[in-house]
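Structure, as structure tokens:
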Amino acid sequence: MDFTFTEDQLLFQESVRDFLVNEVTTESIRALWETKTGRSDELWQQLVEMGLVGMTVPEAQGGLGMNAVDFVLLAQECGYVALPENLVETVLVVAPLLAALPESDVRNEWLQKMAAGEARIAVGHSRNPLVSDAHTADAWLLQHNDEVHLVKARKKNMRRNESVDPSRRLHSIEWAPKPATCLAKGPAGKALWMQALNYGALGVAAQSLGLAQRMIDLSVKYTSERQQFGKPIGSFQAVKHHMANVAVQLEYAKAPVYRAAWSLANNHRHAGVHVSHAKIAATEAALLAARNGIQVHGAMGYTWEVDMHIFAKRAWALDGAWGDRAFHKTRVAKFVLKDNALIGASNTFVA
Amino acid sequence: MELAYTEEQQAFRLQIRNWLKNHVPKKPLKSFDTEAGFAQHRKWEATLNKGRWGMVTWPEELGGRGCDLIEWLIFEEEYYRAGSPARVNQNGIFLLGPTLMEYGTEEQKKRILPKMATGEEVWAQAWSEPNAGSDMAAIRARADRDGDHYVINGQKTWSTRAVYADWSFGMFRTDPNSERHHGLTFILVPLNAEGITVRPIPQLDGLPGFAEIFFDNVRVPVENRLGDEGAGWKVAMATAGFERGLMLRSPARFQETARRLVELYRENQESADRDPMVREAVLRAWMDAEAYTLTTYQTACRLSKGGKIGAESSTNKIFWSELDQKMHATAMSILGARAELLPHAPAAQGVGHWLDGFLFSQSGTIYAGTNEIQRNIIAERMLGMPR
Ligand SMILES: Cc1cc2nc3c(=O)[nH]c(=O)nc-3n(C[C@H](O)[C@H](O)[C@H](O)COP(=O)(O)OP(=O)(O)OC[C@H]3O[C@@H](n4cnc5c(N)ncnc54)[C@H](O)[C@@H]3O)c2cc1C
């Protein structure tokens, strides 16, 4: 039993955090909102060079061959800065999905190109009605029933749908499945899509931890500076307790998220339930951080100018992605309410 | 990261499981807030100690097994899973014991720990006073030095188990001119000493679960001081740290409550589902108990690699106490019109213990530092908000 990250994993987290906090500022995010793609090719290349984009690509295809446990803390940091780039889905969904396919030229070539930063792939899962970052992708991984299709991206086939979060670039895609684009089907395809959903949900959960922490930090800073009645508003207990409540929820969402990452990386038979628990806990912490964070900012919290909304909106937007609340609760219910359920003391780490 | 038990850990689990199967009393013991029940629980402590299961984290020479925190968590899981009796001496073994090991002299450890381990001496905590509750630094009970003795005068209150316990530990003002958390000293006082009056206070269930203690010129030898004179606050904070931290409420207790709640819900599902909130609350009970367990394991692993418990331990106390309240409130909701029945009422039909648990859960957000105080600590020390 070892529920800790390695020195290396923690050091990598630290260096990625330093990089992201410097490069992805709220000013740079706001500047990207005004651009056509909303994305920075330069930043993406930097992420490629740091090895982040290819982290979960197998070594044979030029990646680092790492897993969800290695990446989960980094996904958390992506949330902390509200990174607009589609890094988390690329690393946690696209690469593992492609890598899980049987060896083929198509598979190997796209993985290689991804890791080298020569191509990007967006993913459309049936649980997400719209595809994130379809517009900067060279190819789309799309679901048709149980089939996995890799389709060349065509601008004329997609339509932008604006999100509450101006950094999100969502698209509906018109396409018709053809035998030539099908990479997997039947039970194998079904399992791949289920796996993709679990990885996508883990990505949301990890980012939500970072978002919640950022909203706490912004709120603590603001309430320490803003004065009313002759003192900082952060000295009032009602304000303190709003933030303490977020801190408690966040503290108890972390371990479920890290456990879910471990279970996915180790193909644990209950990984799906672990992911659902993690996603519910982490998104709820982020939603509470948004609610209480806005509250303690007063009217400032209701403005476009103050940075709070950048993170609040990401939290709201991600909440319904990769399986909504009802989907994940249903999975938990199935696990908890069945006969001879593996619940109660001594069953948490049952193999 | 490796979220699986080693073979040794699994073998350890089976060893406890077997022992408990053969030793846990088949018939539940009476409440330890009755005289007869207290004696039964004291006997159970002796049985546990004989099997060397009394305090597994203690060193072997004190009757323990020198277990690490993970093994302790495994022990607790098996202990609760087997429906074993509550620990009448938890103030001693979980709170004073660790404090003694850190601050006690060799003589004190030899004198106190073995009898604590066998249940021969049961301990009560004596911090609170009528005018020093949340504000513990307002303590006024005095201990005046007289040669090689302290002479204690004053009053303590809300002292759990004090009605039948043998000893108490607490803080007293040794410097009459001192204020707040200065000039306080940690002293161990036998409850049968001359000049002590213990007045039982009935709790919500009507039983005297705590008591007031009056001190009238009680003479205690200086050897009963723990730590230096005037250093009481520091020593006491170590105890409070254990209490809030890992030891007081191990996750297994809440996991078993969550499991029983799921059972109760499934047995009464048709009627329970008339209120759609119930199912939601039942699922949350499992998720939150699971989150508490995972987080505790994470902390235990961090501590065994040399990490320290910080201000985030205040989140722990809030989380378990509120989880416990929510679970019991949900049970009451499922039981509907039967919820109000005392355990022995004929129509309670074996579900009355939920009421006991519900009543006790009301106190979890109050004792060991109220949740409001914990929220202040989180905001100021963990988040760095202004005082
Ligand atoms: C079941 C039980 C067992 C106990 N066992 C023991 C024991 O063994 N030994 C012992 O010494 N004590 C024991 N206590 C006492 C316990 O530690 C105190 O009750 C607790 O510290 C609160 O003190 P109080 O009751 O005086 O409440 P008060 O301090 O009067 O508080 C009343 C209310 O005011 C709030 N409040 C007070 N100050 C603040 C503040 N600064 N900010 C925000 N809110 C505030 C509190 O949160 C609470 O809601 C026990 C209590 C209970 C209920």
| query | What would the Debye formula give as log10 I(q)/I(0) at q = 0.09 Å⁻¹ for the alpha-carbon point model of the stretch B:249-382, no solvent? | reply | -0.31
| said: Can you tell me, using C-alpha contacts under 8 Å and at least 6 residues apart, the relative contact order of the stretch A:188-347 as a whole percent? | reply: 30
| For the stretch B:177-217, convex hull volume per residue from C-alpha positions, Å³ | 115
| For B:250-261, mean number of other protein chain Cβ atoms within 10 Å | 3
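If we count every other residue with Cβ under 14 angstrom of residue B:198's Cβ, Lys/Arg +1 and Asp/Glu -1, where does the sum land? Provide the component values of the computation, followed by the final result.
On the way: positive: B:156, B:161, B:199; negative: B:33, B:35, B:166, B:194, B:212, B:216.
Taking every Cβ under 14 Å from that of residue B:198, the sum is -3.
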| query | Taking trypsin sites (Lys or Arg not before Pro) as exposed when DSSP calls them loop (any state but H, G, I, E, B) and at most 12 other Cβ atoms lie within 10 Å, what is the longest stretch of chain A free of them, the sites themselves excluded? | reply | A:37-153
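By DSSP, what percent of the beta bridges with both residues in the protein assembly as shown are antiparallel, rounded to the nearest 5? Don't jump to the answer; show the numbers that get you there.
Working: 47 of 57 bridges.
Looking only at bridges with both residues in the protein assembly as shown, the antiparallel portion is about 80 percent.
How long are the semi-axes of the equivalent ellipsoid of the protein assembly as shown, taking √(5λ) for every eigenvalue λ of the Cα gyration tensor, in whole Å from largest down? Let's see the in-between values first.
Details: eigenvalues 550, 168, 111 Å².
For the protein assembly as shown, the ellipsoid semi-axes come out as 52, 29, 24 Å.
Can you give me the orientation-averaged projected area of the convex hull built on the Cα atoms of the stretch A:188-347, in nm²? Walk me through the intermediate numbers first.
Details: hull surface 44.8 nm².
Mean projected area of the Cα convex hull: 11.2 nm².
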| request: Pull up the DSSP beta bridges for chain A and report the antiparallel fraction as a percent, rounded to 5. | output: 80
| said: What does the net charge come to around residue A:119 if you take all other residues with beta carbon closer than 11 Å to its beta carbon, with K and R at +1 and D and E at -1? | reply: 0
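May I ask for the longest run of chain A untouched by GluC sites (Glu not before Pro) that are loop-located per DSSP and have at most 15 neighbouring C-beta atoms (other than their own) within 10 Å?
Excluding the exposed sites themselves, the longest stretch runs over A:175-304.
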| said: If the reach is capped at under 17 angstrom between alpha carbons, list the aspartates and glutamates near residue B:110, excluding any in the same chain fewer than eight residues apart. | reply: B:60, B:61, B:102, B:120, B:121, B:223
| said: Can you return the aspartates and glutamates within cross-link range of residue A:185? Criterion is Cα-Cα under 16 Å, with same-chain partners fewer than 8 residues away left out. | reply: A:103, A:146, A:147
| Cα pair distances of chain B binned at 20 Å [whole percent] | 25, 59, 15, 0
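Using unit Cβ charges (K, R positive; D, E negative) and no other charged atoms, how large, in debye to the nearest 20, is the dipole of the stretch B:35-143 about its Cα centre? Write out the running numbers ahead of the final one.
Numbers: 13 positive and 16 negative charges, 72 e Å.
Value, rounded to 20: 340 debye.
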| note | Within chain A, excluding any chymotrypsin sites (Phe, Trp or Tyr not before Pro) found in a DSSP loop (not H, G, I, E or B) and having at most 14 other Cβ atoms within 10 Å, the longest uninterrupted segment runs A:1-228
| For the stretch B:168-213 and the stretch A:176-230, what is the separation of their C-alpha centers, rounded to whole Å? | 52
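Which value, to two decimals, describes the C-alpha radius of gyration of the stretch A:88-146 once divided by 2.2 N^0.38 Å?
Numbers: Rg = 11.1 Å, N = 59, 2.2 N^0.38 = 10.4 Å.
Rg over 2.2 N^0.38 Å, computed on Cα atoms: 1.07.
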| query | So what's the back-of-envelope 222 nm ellipticity for chain B, counting only DSSP H runs of four-plus at -39500 (n - 2.57) apiece and dividing by all residues, rounded to 500? | reply | -14500 deg cm²/dmol
| said: Let's see if you can work this out: charge +1 on each Lys and Arg Cβ, -1 on each Asp and Glu Cβ, no other charges. What is the dipole magnitude of the protein assembly as shown about its Cα centre, in debye to the nearest 20? | reply: 1620
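Is there a simple number for the mean count of other chain Cβ atoms within 10 Å of the Cβ of residues in A:229-238, and what is it?
On the way: counts 0, 0, 2, 3, 2, 7, 5, 2, 5, 0.
If you average over the peptide's residues, the count of other-chain Cβ atoms is 3.
Ignoring ligands, DNA and RNA, what percent of the accessible area of the protein assembly as shown is carbon or sulfur (1.4 Å)? Working shown, then result.
Working: 16010 of 31220 Å².
On the protein assembly as shown, the fraction of accessible area on carbon and sulfur atoms equals 51 percent.
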| query | Taking each full run of DSSP H in chain A as one helix, which ones are at least 15 Å long along their axis (Cα atoms) and have mean Kyte-Doolittle hydropathy of at least -0.5? | reply | A:7-23, A:68-80, A:186-225, A:237-265, A:271-296, A:308-319, A:325-336
| Under the Karplus relation 6.51 cos²θ - 1.76 cosθ + 1.60, θ = phi - 60°, what is the ordered set of whole-Hz ³J(HN,Hα) values for the stretch B:27-39, x standing for Gly and Pro? | 9, x, 6, 5, 4, 6, 9, 10, 4, 5, x, 4, 5
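For the stretch A:26-144, compute the orientation-averaged projected area of the C-alpha convex hull (one quarter of its surface), in nm². Don't jump to the answer; show the numbers that get you there.
Working: hull surface 30.7 nm².
With every direction weighted equally, the projected area is 7.7 nm².
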| What is the magnitude of the charge dipole of chain B about its Cα centre, with +1 placed on the Cβ of each Lys and Arg, -1 on the Cβ of each Asp and Glu, and no other charges, expressed in debye to the nearest 20? | 400
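For residue B:26 and residue B:219, calculate 0.36 nm times their separation in residues minus their Cα-Cα distance, and state this gained length in nm to one decimal.
Working: separation 193, 0.36 × 193 = 69.48 nm, distance 4.37 nm.
Fully extending the segment from residue B:26 to residue B:219 adds 65.1 nm.
Taking K and R as +1 and D and E as -1, what net charge do the other residues with C-beta under 14 Å from the C-beta of residue A:108 add up to?
Local charge sum for residue A:108: -3.
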| Hey, if you drop one equal point scatterer on each alpha-carbon of the stretch B:7-88 and run the Debye formula without solvent, what base-10 log of I(q)/I(0) do you get at q = 0.11, 0.18 Å⁻¹? | -0.29, -0.75
| task | Please name which of A:175, B:304, A:318 has its Cα lying farthest along the dipole of the protein assembly as shown towards the positive end, using unit charges on Cβ (Lys, Arg +1; Asp, Glu -1) and the Cα centre as origin. | result | A:175
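If packing is taken as the average number of other Cβ atoms within 10 Å across a peptide's residues, how do B:19-28, B:102-111, B:224-233 rank, most packed first? All intermediate terms of the calculation are to be shown ahead of the outcome.
Numbers: B:19-28: 11.9, B:102-111: 13.8, B:224-233: 19.1.
Most protected by this proxy first, the peptides run B:224-233, B:102-111, B:19-28.
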| message | I'd like the projected area of the stretch B:111-240, averaged over all directions, using the convex hull of its alpha carbons. Report it in nm² with one decimal. | response | 7.9
| query | Among B:169, A:215, A:96, which residue has its Cα positioned farthest towards the positive end of the charge dipole of the protein assembly as shown, with +1 placed on the Cβ of Lys and Arg, -1 on the Cβ of Asp and Glu, and the dipole taken about the Cα centre? | reply | A:96
| message | For residue A:157, project a label point 7 Å along Cα to C-beta. Then give me every residue of the stretch A:163-186 with its amide nitrogen under 18 Å of that point. | response | A:170-185
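State which entries of A:113/A:190; A:231/B:305; A:178/A:254; A:190/B:326; B:21/B:115 exceed 32 angstrom in Cα-Cα distance in the structure shown.
Over 32 Å apart, Cα to Cα: A:231/B:305; A:178/A:254; A:190/B:326.
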| query | Put +1 on the Cβ of every Lys and Arg and -1 on every Asp and Glu Cβ in chain B; which of B:99, B:66, B:183 then has its Cα farthest towards the positive end of the dipole? | reply | B:66
| field | C-alpha center-to-center spacing [the stretch B:275-353, the stretch A:278-292] in angstrom | value | 20
| note | Rounded to two decimals, the Debye log10 I(q)/I(0) of chain A (Cα scatterers, no solvent) at q = 0.07, 0.10 Å⁻¹ is -0.30, -0.61
| task | Please give the helix B:313-335 orientation as an angle from the longest Cα principal axis of chain B, in degrees from 0 to 90, rounded to the nearest 10. | result | 40
| field | Volume in Å³ per residue [convex hull over Cα atoms, computed for the stretch B:179-258] | value | 162
| field | For the stretch A:288-351, alpha-carbon Rg relative to the globular expectation (2.2 N^0.38 Å, N residues) | value | 1.73
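The values are calculated or read from the model by the stated rules, or taken from the named source; none is laboratory data. Just so you know, these numbers come straight off a predicted model, no measurement behind them. As a convention, Cβ positions derive from the backbone with ideal geometry for all residues, glycine included, and neighbour counts pool all protein chains shown. Heavy atoms of the whole protein, side chains included, go into the accessibility calculation; ligands, DNA and RNA do not. Shrake-Rupley method; radii C 1.70, N 1.55, O 1.52, S 1.80 Å.
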